[in-house]
1. Test of understanding: extend the Cα→C-beta vector of Glu491 to 7 Å, then name every residue of the stretch 586-621 with backbone N under 19 Å from that spot.
2. Per residue of the stretch 598-605, in order, report the coupling 6.51 cos²θ - 1.76 cosθ + 1.60 (Karplus, θ = phi - 60°) as ³J(HN,Hα) in whole Hz, putting x for Gly and Pro.
3. So what's the angle, to the nearest 10 degrees on a 0 to 90 scale, between helix 228-239 and the longest Cα principal axis of the chain?
4. Take the alpha carbon atoms of the stretch 46-88, find their center, do the same for the stretch 477-536, and report the distance between the two centers in whole angstrom.
5. Identify the GluC sites (Glu not before Pro) of the stretch 506-580 meeting these criteria: DSSP loop state and at most 15 other C-beta atoms within 10 Å of the C-beta.
6. Once you have all Cα-Cα distances for the chain, histogram them in 20 Å bins from zero and send the whole-percent values.
7. When Lys and Arg each count +1 and Asp and Glu each count -1, what net charge do the other residues less than 9 Å away from Gln472, Cβ to Cβ, add up to?
8. Pull up the cross-link candidates among the aspartates and glutamates for Lys127, meaning alpha carbon to alpha carbon under 18 Å and not fewer than 8 places away within one chain.
Amino acid sequence: MTTLDTKAWRDLRRLSGQLVAVALVMACGVAMVVMAWSMLHSLALTQAAYYADARFADVFVHLERAPDVIGRRLARLPGIARLDTRVVEDGTLDLPDSQAASTPTIGRFISLPNRGPDGLHQLHIVKGRFPDPARRSEAVVSEGFALAHRLAPGDSFHAILNGRRTRLDLVGIATSPEYVYTIRTGDLFPNDRSFGIVWIDRRALAAAFDMEDAFNDVIATLAPGARLDEVCRALDRELDRYGSLSAFGREFQPSHRYLTNELRELRNMGLVAPIVFLAVTAILMHLVLSRLVGTQRGQIATLAAFGYTPREIGCHFLKLAAAVVAVGATLGVAGGWLLGQQLTAIYSGFFRFPLLRFEVDRGVVAFSVAIAAAAALLGIVQAVGRAMAVKPAAAMQPEPPARYRPAIIERLGLSAAVPLALRMVIRHLERRPVATALSIVGIAMGAGVMVLGMFVGDAVRDLGDFQFTQVQRFDRAVTLVEPAAARALREFARLPGVTAVEPFRAVSATITCGHRQRREEILGLAEAGSLFRIIDRHGRVHSPRRDGLIVSAKLAELLGAKPGDTLEVDVLELRRPKARLRIAGTIDDMVGTSAYLHIDTLRRLLGEGDTVSGAFLAVDAARAADLDRRLADTPHVAGFVARDVQLRTFRDTIARTLLRMRSVNTLFAAVIACGVVATTARQSVAERARDLASLRVLGFTRGEVSAIMLGEQALLTLAAVPLGLLLGLGFVIVTSWGYDTELFRIPVVVH
């Protein structure tokens with residue numbers, strides 16, 4: 001071991017407190033990178049492998065009813081590699097009272113997939129077995145639904161299929177690539193207690209819905225080189241006469257859209273947070289090593305006088321940084337693995353893969369260590385340069401005393417009102433403006449991270465309150481199986497507990513602007529409705545327009561359109577009417593991509609009378625249970641949404657996911673703040689040892705000397721907190737950009 005190596009070990013032991021603080025801050029940044037990017041990598045690999053193994057479709061189309069012979073013709077269309085036809089219908093599940101939810105449970109019934117080598121959407125049996133084709137009553141349910149209702153193979157339950165009560169025997173619990181994220185249309189979050197997937201024998205399902213020798217759903221994969229848009233147009237031409245709702249690609253499949261959105265948010269998490277931690281790492285490395293070089297001028301000069309080259313002296317200080325990087329990276333990788341395991345447990349409650357395993361990606365580890373080393377190098381480059389530039393003759397001389405001058409409070413004539421100890425603190429801080437500024441910024445970073453950690457919970461809570469108290473003010477939203485005449489509203493008004501009824505008409509449509517196209521739902525609303533309002537995030541209420549569409553600002557952005565532009569609208573049901581509608585206005589909302597039109601204008605576009613797709617209901621809470629039972633037993637009701645259930649699910653989801661992340665962010669913020677304060681205080685004591693000893697000789701008590709040191713840290717912290725709040729707001733704004741997706745727009749909220 002060389003002399004410089006021995007000196008390095010001694011410096012490491014002497015500076016262990018400061019260097020450990022730096023290493024912990026660095027570990028936080030590395031952990032965030034490892035967690036976010038490894039989780040992203042794990043999810044993407046799991047998704048790709050599961051989609052391939054289960055043969056997840058590329059193209060989807062739902063229709064009213066078509067004979068099986070048409071399905072065989074569809075399979076021969078150019079560009080299609082594999083094609084399956086299915087029967088898919090919704091029905092009500094009648095579970096035992098001890099397991100039933102407070103509101104009726106809706107099941108999506110899907111015919112069992114073809115288990116041949118070309119069959120699509122293969123089920124992965126988690127527990128139990130695949131149904132016996134000879135026993136039509138056997139069923140398989142989705143994993144999340146089974147867990148929510150404590151169902152197991154061997155249980156039995158009843159289903160209301162097309163008004164007929166049918167007994168089903170549960171033989172298996174499964175996952176499907178189509179329902180990795182199981183969410184019902186109109187919900188913001190999955191609710192496994194009120195919505196589940198049930199796979200049963202095709203013959204039994206077809207018989208229940210009068211679909212013998214027919215189908216109402218098509219899934220297909222593309223042949224190599226085939227174009228999605230051409231295949232979709234070919235399918236639409238063949239299925240138009242059978243009530244097709246138009247073919248669409250995987251990007252619009254609900255489960256895939258939500259999973260893709262989550263991957264995007266993970267990517268943003270892996271970009272924003274680590275920048276903060278590694279910036280603080282660079283600041284702390286600069287504070288520690290620059291002050292170390294300042295206090296070791298004599299030692300550096302002695303080394304140079306004994307023949308050590310500037311390069312060898314510079315490498316000595318680089319070894320100190322390398323030790324910090326080694327400890328910080330090791331702790332960071334271990335912490336990232338632990339956080340990744342926690343995040344995987346959270347995701348497993350939302351995304352139902354056969355196996356979701358968190359694996360630390362080696363490339364991510366190498367990348368995180370590299371950027372940590374770069375941050376450390378950035379922090380020490382100036383200090384190392386100073387050490388290498390020290391001249392032996394000059395450095396052997398005692399360091400000239402610092403130049404003190406009246407502090408700002410003295411120049412302002414306030415010295416009489418300020419205690420002596422405080423004047424000493426202010427003078428010392430003013431004499432070192434760069435170090436003081438860096439210390440303030442470092443502590444402010446900790447406050448900023450705390451603001452960022454609290455922001456997501458506050459913002460999502462505000463998002464839920466906005467959506468469920470200002471936009472959706474109904475108690476139940478009822479959807480009909482088929483559009484019906486307005487007299488259906490009178491039937492709803494006579495149901496138990498209903499105090500107000502408002503109609504809506506909804507149609508799916510392809511909206512085109514130039515070369516950009518989106519598949520969206522157009523919602524026709526009555527004027528002056530109060531149960532469902534078009535409202536932007538600033539609280540401004542908009543009325544549906546007769547002269548054009550009101551669209552989400554996000555939808556306009558995706559279409560590359562602006563108010564006044566004309567859109568091509570192709571309705572995807574009935575006679576498929578086409579229209580040109582201008583954008584009458586945009587709203588800056590927070591959920592989804594919406595398009596609204598006055599209900600009378602939409603009816604004229606469809607060539608209809610006073611039809612409705614459903615209604616929003618205000619309900620007396622005391623009779624809500626009676627109403628729910630009546631709705632569940634009404635044949636022409638396709639389903640309904642209970643706002644209180646949605647809100648409860650939304651809040652439960654927030655509590656389950658955000659509480660852990662808040663704890664992690666609080667820990668990280670404390671590490672940053674304590675790391676900066678501890679480093680600053682220790683270095684201040686080290687470089688002012690002679691001054692502090694002189695104060696004791698002059699008669700200052702130990703408490704008075706301590707007050708000077710603690711007062712310095714207090715002033716730094718007081719100056720840092722307001723800056724930290726501003727930095728936190730900046731972090732919030734940048735992070736909100738990452739949450740600006742077509743599914744959600746998280747508001748910039750700092751309570």
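Quick note: the coordinates plus some simple rules give every number you see, no bench work behind them. Not measured: the values here are computed from a predicted model. Methodologically, a virtual Cβ is constructed for each residue, glycine included, from the backbone with ideal geometry; neighbour enumeration extends over all protein chains shown.
1. The answer is 609-618, whose backbone nitrogens lie closer than 19 Å to the label point.
2. Working through the residues one at a time gives 5, 4, 5, 5, 5, 5, 5, 4 Hz.
3. Once rounded, one gets 20 degrees.
4. Going from one Cα centre to the other spans 30 Å.
5. Glu527
6. In whole percents, the pair-distance histogram is 14, 38, 26, 16, 5, 0.
7. Local charge sum for Gln472: +3.
8. Counting by Cα, and skipping residues close in sequence, Lys127 has these aspartates and glutamates nearby: Glu138, Glu143, Asp155, Asp169, Asp192.
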